[in-house]
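The values are calculated or read from the model by the stated rules, or taken from the named source; none is laboratory data. Every value quoted in this text rests on a predicted model; they were computed, and no experiment measured them. Backbone-built Cβ (ideal geometry, glycine too); neighbour counts: all protein chains shown.
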Amino acid sequence: MEIVADLHLHSKYSRAVSPQMIVLEMAKWAKIKGINLLGTGDFTHPLWLSELKSCLKEYGQGVFKIKSLQADKEAKFLLTAEISSIYSQNGKTRKIHNILIAPSFDTVEKINNELKKRGGNLSSDGRPIVGLSAKSIAELVLSIDKKVFIIPAHIWTPWFSLFGANSGFNRIEECFGEFGQYIYTVETGLSSDPQMNWRIKDLDNRSLVSFSDAHSGEKLGREATVFETDRWDFAEIVKAIKSNQRIKYTIEFYPEEGKYHYSGHRKCGVVFSPQDSLKRGNLCPVCGKKLTPGVMEQVEKFSGFGQLVGKTSVDKTGVRWIENRNRPPFVKLVPLKEIIAESLKTGVGSKKVDDFYFKLIGGLGNEMEILLKSEMEKIKKCGGEKLAEGIAKVRRGEIFISPGFDGEFGKVKVWGLSLFG
């Protein structure tokens with residue numbers, strides 16, 4: 001059975017998240033996008049936890065379905081949360097985000113109770129800030145239930161991550177201590193892709209997963225992890241996520257489009273590639289302030305500026321895959337609405353784009369099906385020559401991106417210069 005999973009997302013109880021992010025909205029968009037397994041997000045928030053208990057019921061061991069919907073046709077859920085740890089270690093402020101995946105509501109209740117005992121204000125935000133170290137979080141949850149699965153989130157983001165330039169660590173064991181042995185998997189984040197992470201020795205024996213970190217239904221599936229499992233069972237799903245042999249592939253945002261890919265200073269419009277930073281340093285040439293370090297620069301430092309590894313192949317539908325020995329392949333995609341908007345020369349949030357998008361979904365199937373598998377003739381028939389041309393270009397990787405920096409997303413052009421000549 002093929003599972004398309006997006007396990008990092010947030011509910012309406014997290015800051016800067018759409019007020020529409022409730023369970024039914026998540027399930028609706030999962031179907032549109034082509035996802036069949038979601039994380040609930042935010043199980044630490046008391047109001048959200050109450051909603052989850054009222055509308056979900058167990059479908060398989062540790063896997064949940066919406067009570068009011070038919071199980072076989074809708075997305076299933078795992079109980080997930082993201083914890084923000086802010087603390088001091090070795091004379092430096094550390095800010096680390098970790099995703100927790102729990103096997104039961106009983107385990108969730110115990111985790112929440114222990115976090116509250118340790119001063120966590122769980123009502124303040126769906127992604128609570130706690131003064132506990134990443135090591136203490138691992139120790140706490142694993143002492144409650146050894147089945148809890150911990151995934152360091154978006155591991156290269158400069159501000160809140162395991163390897164982040166501003167507040168992270170150099171090695172997993174430095175962050176988690178003896179509990180580093182229980183970190184089997186890391187989330188690459190929007191500003192990095194697997195190929196960048198293949199160069200990092202500390203990740204050689206760990207699996208790499210990609211999820212959306214969605215704050216609205218429309219953003220679900222912009223990154224996802226596809227794997228095989230025999231049944232809807234928590235232990236089986238975790239086993240698959242841990243294994244490079246069970247993960248079939250990951251779906252990636254172009255990392256250049258991520259808002260911290262390159263180093264820079266947004267206020268002054270200054271953006272540096274890693275090579276620029278090597279030559280010119282880390283100060284803004286306009287105002288003299290320190291640049292926000294980019295993910296690409298941090299990866300280069302960790303890998304010793306070595307060469308990218310991996311090779312490319314093209315499948316029968318023209319999709320360009322990037323592969324590496326003993327690692328699952330991955331594909332980089334541009335969201336369908338962005339392709340439509342550029343083909344129509346209008347804004348991505350316009351009604352015209354919205355209508356066109358749902359016409360395609362109605363005629364061709366879910367978004368991932370359209371971007372990865374639909375035959376070009378069918379796309380032409382339903383969406384016209386221009387759209388088919390755009391999807392073909394995205395499949396081949398023939399696009400131009402102005403890289404994101406200092407909190408500003410990169411800009412994608414499908415009809416422009418190619419990244420690959």
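Looking at Ser212, Ser191, which is the one that is out of contact with any His (no Cβ under 6 Å at 6 or more places or on another chain), part of a loop (DSSP other than H, G, I, E, B) and in contact (Cβ under 8 Å) with a residue 24 or more places away in the chain?
Ser212
Does Leu208 meet the test of being under 22 Å from Thr40 (Cα atoms) and crowded, with 22+ Cβ neighbours inside 10 Å? Can you show your working first?
On the way: under 22 Å from Thr40 (Cα atoms): yes; crowded, with 22+ Cβ neighbours inside 10 Å: yes.
Yes.
For the stretch 384-393, does any single residue satisfy the condition of being over 21 Å from Lys413 (Cα atoms), of a type outside the set (Val, Ile, Thr) and without any contact (Cβ under 8 Å) to a residue 12 or more places away in the chain?
The answer is no; no qualifying residue exists.
Are any residues in the stretch 296-306 part of a loop (DSSP other than H, G, I, E, B) and either among the aliphatic types (A, V, I, L, M) or over 14 Å from Gln195 (Cα atoms) (or both), and if so, which ones?
Residue satisfying the conditions is Gly304 alone.
The rows are residues; the columns are (1) part of a strand (DSSP E or B); (2) under 19 Å from Val309 (Cα atoms).
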position	(1), (2)
Leu208	yes, yes
Phe227	yes, no
Glu256	no, yes
Lys259	no, no
Ser263	yes, no
Gln275	no, yes
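Is it true that Phe105 is aromatic (Phe, Trp, Tyr), under 25 Å from Ile32 (Cα atoms) and in contact with a helix residue (DSSP H, G or I) (Cβ under 8 Å, 6 or more places away or on another chain)? Let's see the steps before the verdict.
Details: aromatic (Phe, Trp, Tyr): yes; under 25 Å from Ile32 (Cα atoms): no; in contact with a helix residue (DSSP H, G or I) (Cβ under 8 Å, 6 or more places away or on another chain): yes.
So Phe105 fails the test.
Return the total of residues in the stretch 159-180 being assigned to a helix (DSSP H, G or I) and of a type outside the set (A, V, I, L, M).
8
Could you list, in sequence order, the residues of the stretch 112-149 that are among the hydroxyl-bearing types (Ser, Thr, Tyr), surrounded by fewer than 16 Cβ atoms within 10 Å (Cβ to Cβ) and under 22 Å from Leu162 (Cβ atoms)?
Ser143
Suppose the filter is of a type outside the set (A, V, I, L, M) and assigned to a loop (DSSP other than H, G, I, E, B); does Gly363 pass it?
Values: of a type outside the set (A, V, I, L, M): yes; assigned to a loop (DSSP other than H, G, I, E, B): no.
Taking the combined requirement at face value, the residue does not satisfy it.
Of the numbered conditions (1) surrounded by fewer than 24 Cβ atoms within 10 Å (Cβ to Cβ); (2) closer than 14 Å to Phe211 by Cβ, Asp72 satisfies every one except a single condition; which is it?
Of everything listed in (1) surrounded by fewer than 24 Cβ atoms within 10 Å (Cβ to Cβ); (2) closer than 14 Å to Phe211 by Cβ, Asp72 misses just condition (2).
(1) modelled with pLDDT of 95 or more; (2) hydroxyl-bearing (Ser, Thr, Tyr); (3) within 30 Å of Ser350 (Cα to Cα): which one isn't true of Ser191, the others all being true?
Among (1) modelled with pLDDT of 95 or more; (2) hydroxyl-bearing (Ser, Thr, Tyr); (3) within 30 Å of Ser350 (Cα to Cα), the lone unmet condition for Ser191 is (1).
Say we look at the stretch 307-353 and pick out the residues that are of a type in the set (Lys, Arg) and not in a helix (DSSP H, G or I); which of these is nearest to Tyr254 (Cα to Cα)?
Lys332
Could you go through the stretch 95-108 and let me know if any residue there is over 15 Å from Val141 (Cβ atoms), touching a Cys at 6+ places or on another chain (Cβ under 7 Å) and not hydroxyl-bearing (Ser, Thr, Tyr). If you could, list the steps in order and put the result at the bottom.
Filtering the stretch 95-108 down to residues over 15 Å from Val141 (Cβ atoms) leaves 95.
When the remaining residues are screened for being touching a Cys at 6+ places or on another chain (Cβ under 7 Å), the result is none.
No - not one qualifying residue is present in the stretch 95-108.
Looking at (1) assigned to a helix (DSSP H, G or I); (2) aromatic (Phe, Trp, Tyr); (3) crowded, with 21+ Cβ neighbours inside 10 Å, which is the only condition Trp156 fails?
(1)
In the stretch 11-43, how many are more than 20 Å from Val63 (Cβ to Cβ), buried (at least 22 other Cβ atoms within 10 Å of the Cβ) and not hydrophobic (A, V, I, L, M, F, W, C)?
1
With the condition kept exactly as written, say whether any residue in the stretch 381-393 is touching a Phe, Trp or Tyr at 6+ places or on another chain (Cβ under 8 Å), within 27 Å of Asn197 (Cα to Cα) and outside any loop (DSSP other than H, G, I, E, B).
yes
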